[in-house]
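Notes follow the structure.
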Amino acid sequence: MERRTGKDRRKDERYSVNIDIEWEALSGKEKGTISDISVSGCFVLCSGEVEDGDYVKIFFPLSTGRVFEFMGEVTNHVFEIGFGACFINLTDTQKEFLEVYIDTLKED
């Protein structure tokens, strides 16, 4: 099944990345890799189990050693591959962070 079909298609342009992250669901913290990102969401490669509609925290690493936390809702998942999540309840600071980060990807 193609994971990029259906109502969960993001309207914003996606950018390929390779960012090692941690994410957390009810089952606990897991490691993963963001493989693409947009201002509205991302796809996380991981083996952890989630279901569509689950809420997850995504911990985006900063160069300072700290993390920037986002809340997301799982919009699609593929067992043993990963999940797509749309960012939810973004603060102005989080929106600005994503816009600035994505602007740097556009320059590459």
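The values are calculated or read from the model by the stated rules, or taken from the named source; none is laboratory data. Everything numeric in this text was worked out from a predicted model, so none of it was measured. Here the Cβ is made from the backbone with ideal geometry for all residues, glycine too, and neighbour counts use every protein chain on show. The protein model used for the area step is the full one, side chains on, heavy atoms only, and it has no ligands, DNA or RNA in it. Shrake-Rupley method; radii C 1.70, N 1.55, O 1.52, S 1.80 Å.
Name the pairs: first residue in region 51-64 and in contact (Cβ under 8 Å) with a residue 24 or more places away in the chain and farther than 17 Å from Leu98 by Cα, second residue in a strand (DSSP E or B) and among the charged types (D, E, K, R), Cβ to Cβ under 9 Å, at least 6 apart or on different chains?
Asp52/Glu73; Asp54/Glu73; Tyr55/Glu73; Val56/Glu24; Val56/Glu73
Per-residue answers, yes or no, for (1) among the polar types (S, T, N, Q); (2) in a strand (DSSP E or B):
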position: Lys29; (1), (2): no, yes
position: Val44; (1), (2): no, yes
position: Phe70; (1), (2): no, yes
position: His77; (1), (2): no, yes
position: Gly84; (1), (2): no, yes
position: Thr93; (1), (2): yes, no
position: Tyr101; (1), (2): no, no
position: Leu105; (1), (2): no, no
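Given the criteria within 24 Å of Lys11 (Cβ to Cβ) and out of contact with any His (no Cβ under 7 Å at 6 or more places or on another chain), does Phe60 qualify?
It is true that Phe60 is within 24 Å of Lys11 (Cβ to Cβ) and out of contact with any His (no Cβ under 7 Å at 6 or more places or on another chain).
Look through region 48-73, keep the residues that are among the small types (Gly, Ala, Ser) and open to solvent by less than 70 Å² (accessible area, probe 1.4 Å), and return whichever of them is farthest from Ile88 (Cα to Cα).
Restricting to residues being among the small types (Gly, Ala, Ser) and open to solvent by less than 70 Å² (accessible area, probe 1.4 Å), the top hit is Gly65.
For the list (1) of a type outside the set (Val, Ile, Thr); (2) open to solvent by 80 Å² or more (accessible area, probe 1.4 Å); (3) at positive phi; (4) at pLDDT 90 or above, I need the number of the one condition that Gly82 fails.
It is condition (2) that Gly82 fails.
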